[in-house]
Amino acid sequence: MISSGLTRFTADVYKASLTTDSLGRRVTTYVKGSSFRCDLREETPSEQLYADGVAVVQAYEVRTRWPNIARTTLTPIDRISVRGRTLRITGIRNLEQRDRLAVIDAVEVA
């Protein structure tokens with residue numbers, strides 16, 4: 001279980017609303033939903049090839065209690081915002097399969 005002293009930040013959930021345009025392509029908009037308390041950990045930034053250059057990608061690990069994830073119905077297509085950073089979720093893990101600690105792997109989007 002994560003101690004309450006480590007959940008010092010508030011994460012806002014932005015739920016994905018999938019619609020289609022006139023050509024049938026998927027259009028994703030995000031609507032602000034609920035929020036939960038979490039801990040934010042930065043990982044080492046990495047460089048990735050992007051178009052005709054190199055982009056620096058900053059990855060984060062967000063830790064929270066598993067019931068928070070169940071309550072907010074967070075999915076990998078949603079976004080979260082923590083400390084002014086908008087994060088794209090790359091994975092949600094149930095640490096040790098005990099339904100106590102959730103680890104959300106995310107990448108910052110501009």
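Along the Cα-to-C-beta direction of residue 83, a point sits 7 Å from the Cα; which residues of segment 20-40 have their amide N less than 18 Å from that point? From segment 20-40, the list is 36-40.
Global size of the chain: 15.3, 49 Å for Rg and Dmax (C-alpha atoms, Rg to one decimal, Dmax whole). When the residues 86, 44 are ordered by accessible surface, computed with a 1.4 Å probe over the protein chains alone, the sequence from largest down reads 44, 86.
The values are calculated or read from the model by the stated rules, or taken from the named source; none is laboratory data. Since the structure is predicted, the reported quantities are computational estimates derived from the model, not experimental observations. Counting neighbours? That spans all protein chains shown, and the Cβs are built from the backbone with ideal geometry, glycine included. The accessibility values were calculated without ligands, DNA or RNA, using every heavy atom of the protein model including side chains. Shrake-Rupley method; radii C 1.70, N 1.55, O 1.52, S 1.80 Å.
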